[in-house]
Every structure is written in structure tokens, then in C-alpha cells.
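Written out below as C-alpha cells is the structure these notes cover.
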Amino acid sequence: MLLNSYTLRIVISDCNPSSQKVNAVADLSADISELLPYLNSVLKGLHYFEEEKVLTVKKEGRLITFRPKQVAVTKVEDEQEARRIVDELVRILNETYENKDCINPICHSRPIPRPLDIFKLLPRKNCKECGEPSCMAFALRVINNELELGKCPLLLTEEFESNHQKLMEIV
């Protein structure tokens, strides 16, 4: 196990001080610098800056930033939610550490797909079966890691199987 504890701070956003959401910063008990390329592979990082040892991930509409001895999470409701999220991230960090021999590290940022790239591979029937008003809205939520591709039942049909595979590679 790499991490066994952290210290949590709740911070009001400098960008939007009137927001109902807060940010959480967890100071970690160990340096995770060498783990970041592996984590970039596991979490499909958004940006990875190898020189600065900073990895940014978008998950469930939140921006999560990993630094050598710190993890920051945006848009949390309160300390309880922050602890739940950070506990899960610590679990992922420890699991990645234990399995790093089986993971191909990625030492660069991935290309960020555009919503239109996703939209073009969707069924484009605007059926609303995913719960979104349109396929474009669905594409935007997928890009922001707020929805998974599996929420579109049409993508799981034989007709759209090849598009689903392409989307899995992009996302």
C-alpha cells in the first residue's frame, strides 16, 4: 500500500466565491510522482504534464488534479462528499500502485475528442432513450465524463457495434 492517510482541506473557489459548491484538497501521506503515468493510463487522464508532475482528470463533472503529494477535487457539496471522493481516489491510487507492473504508463496528454467527433458516431436519432434531449447533448455529457456510452441503448445494438467500438477508443 502506497497511501495510508491524508489530510483534507475544504476550500472556497477563488473563481466563483458565491458558488454553493466547494473544492477539496487532500495532502497525501506519500509522494505519488512516479505513479502519475500509470494513473494517467488507468483514469484516461485529460492532461498530463510530466515535467511538472501534474495529472488532470475529469470525472463525474469534476476536475481532479493529482500532484506529487496532493489531490484536488472541484465541485463538491461538503466535507462528507469530499471524503467519500478522496477515499475512492486513494483506493484507486493504491490499486494502481499494486498493479503497476501490469499497466502501460502513458507519459503524455491524450488528444481531447470534440463533441462533434462523438456525435458523428452516435445513432443521431434523438430518441431520448438515454435521458438526454438530443444526441448532441449526450455527446457533450460523454465528453465531460458525466455519462457513459452504455447509457445509449442504440449503441449497444448490432447495427451500431462498430461505432461503439470506435467511440470506446476515442473516449
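Throughout, read-outs are computed from the coordinates displayed, never taken from laboratory work. The model shown is predicted, which means the values in this text are computed figures rather than measured ones. A quick note on method: Cβ atoms are made from the backbone with ideal geometry, for glycine too, and the neighbour counts reach across all protein chains shown.
Here the spin labels are modelled as points 7 Å beyond Cα on the Cα-Cβ line, and at Lys120 and Val171 they lie 1.8 nm apart. Sorting 101-107, 39-45 by their mean Cβ neighbour count within 10 Å, with the most densely packed peptide first, gives 39-45, 101-107.
Among Leu140, Leu3, the ranking by other beta carbons within 10 Å of each residue's beta carbon, starting with the fewest, stands as Leu140, Leu3.
The C-alpha radius of gyration of the stretch 115-170, expressed as a fraction of 2.2 N^0.38 Å, stands at 0.96. Between Ser109 and Glu34, the simple label model (points 7 Å from Cα in the Cβ direction) yields a spacing of 2.7 nm. Note on the chain: the C-alpha convex hull projects to 11.2 nm² when averaged across all orientations. Here's the picture: charge each Lys and Arg Cβ at +1 and each Asp and Glu Cβ at -1 in the stretch 115-170, and of Leu167, Phe138, Gly150 the one pushed furthest to the positive end of that dipole is Phe138.
Reported to the nearest whole Å, the Cα centre-to-centre distance from the stretch 89-136 to the stretch 1-65 is 18. At q = 0.15, 0.16 Å⁻¹, what base-10 log of I(q)/I(0) does the Debye formula yield for the stretch 1-80 when every alpha carbon is treated as an equal point scatterer in vacuo? Values returned for q = 0.15, 0.16 Å⁻¹ are -0.55, -0.62. Taking every alpha-carbon pair under 8 Å whose residues sit at least 6 apart, the stretch 115-170 reaches a relative contact order of 33 percent.
Rounded to the nearest 20, the size of the Cβ-charge dipole of the stretch 1-73 about its Cα centre is 320 debye, with Lys and Arg at +1 and Asp and Glu at -1. Placing pseudo-labels 7 Å out from each Cα toward the beta carbon at Asn144 and Asp27 gives an inter-label distance of 3.3 nm. Look at Ile85, Ile92 and count the other Cβ atoms within 10 Å of each Cβ; fewest to most, that gives Ile92, Ile85.
Hey, what angle do you get for helix 161-170 against the long axis of the chain, alpha-carbon based, 0 to 90 degrees rounded to 10? The two axes meet at around 30 degrees.
Which of Lys59/Lys120; Lys53/Lys100; Lys128/Lys151 have a Cα-Cα distance over 19 Å? Correct reply: Lys59/Lys120.
Which whole-number percentage describes the relative contact order of the chain, with Cα contacts under 8 Å and a sequence gap of 6 or more? It comes to 20 percent, rounded to a whole number.
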